[in-house]
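The values are calculated or read from the model by the stated rules, or taken from the named source; none is laboratory data. Note that the structure is a prediction, hence the values are computed from the model and not measured. Here the Cβ is made from the backbone with ideal geometry for all residues, glycine too, and neighbour counts use every protein chain on show.
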Amino acid sequence: MISVEDFLTLKVGDLLEADPLFNGLSDEPVVLRVATDGADRKDFVATYLGVTLGRWSAKRNGGRLSWTFK
Amino acid sequence: MDFQVNKSDLYSVADILGMTVELDYATGKLSGKAERAMFLGDLSLPLKPKIAGSLLLPECIFAAVNVLGNLALLVVISESGPQRCTVHVLNLAKMDQLDTWLDKKKPKTRGEALELLGSAVVKSYRRVNTTKWEPM
């Protein structure tokens, strides 16, 4: 999981890589692109091979991040 | 049905999908679903891939699998050849409804299915052996 420090440096358009979706089939990772950039909340669009999986939202609560999937 | 399903093919597909795949010879349908997780470091997102539709023909078996969001897979097992077992990554935003696609389109071969899917096919893989796949 990304740290709060990493979270604070993320800007719109930045990319994060999650683990591959289908181990053995391909090493292609799930990619999270920062879609909206707020001080305490950022939204990510998750894609695999360019196909949209959905949106993740990370909210900062003090020193912790809580994630939700939309 | 003339074409007998090779169980190692089903197991291979089941491994990739992380699910148990069952074949009902009476209905001629495949079924299977699973609960697994996608990871971003320690963060996990639940995934529930499920076989949404299938089509069993004498020469070819098709399984359409819903994964997450617009992501789906088409698994094709044909009678023989180097492309006996293939997996095709699909973008649901570029095709008709997945769960009825096979019943409505009724492709007879892998090639016909891929032609009907057109740009909805994002990438294709073929099984090299029981553990190895490669892009087509």
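For this structure, a couple of remarks:
- Hey, residue A:69 under 17 Å from residue B:71 (Cβ atoms), of a type outside the set (Ser, Thr, Tyr) and at pLDDT below 85 or not: yes
- Check on residue A:65, farther than 18 Å from residue B:37 by Cα, of a type in the set (A, V, I, L, M, F, W, C) and facing another protein chain (nearest Cβ under 9 Å): yes
- Of all the residues in region B:22-53, those that are in a loop (DSSP other than H, G, I, E, B), over 23 Å from residue B:111 (Cα atoms) and in contact with a strand residue (DSSP E or B) (Cβ under 7 Å, 6 or more places away or on another chain) number 4.
- Some residue of region B:70-89 being over 23 Å from residue B:7 (Cα atoms), crowded, with 20+ Cβ neighbours inside 10 Å and in contact with a strand residue (DSSP E or B) (Cβ under 6 Å, 6 or more places away or on another chain): yes
- Region A:6-63, residues that are closer than 21 Å to residue B:15 by Cα, modelled with pLDDT under 85 and not in a strand (DSSP E or B): A:21, A:22, A:23, A:24, A:25
- Close pairs from region B:2-21: first closer than 18 Å to residue B:48 by Cα and modelled with pLDDT of 70 or more, partner of a type in the set (Phe, Trp, Tyr) and in a helix (DSSP H, G or I), Cβ under 9 Å, at least 6 apart: B:21/B:11
- Failed item in (1) assigned to a loop (DSSP other than H, G, I, E, B); (2) over 15 Å from the mean Cα position of the chain (by Cα); (3) surrounded by 16 or more Cβ atoms within 10 Å (Cβ to Cβ); (4) not aromatic (Phe, Trp, Tyr), with residue B:19 passing the rest: (2)
- For region B:65-106, the set of residues classified as at pLDDT 95 or above, touching a Ser or Thr at 6+ places or on another chain (Cβ under 7 Å) and more than 14 Å from chain A (Cβ to nearest Cβ) consists of B:102 only.
- For region A:1-51, taking the residues that are more than 8 Å from chain B (Cβ to nearest Cβ) and of a type in the set (Gly, Ala, Ser), the one that is nearest to residue B:39 (Cα to Cα) is identified as A:3.
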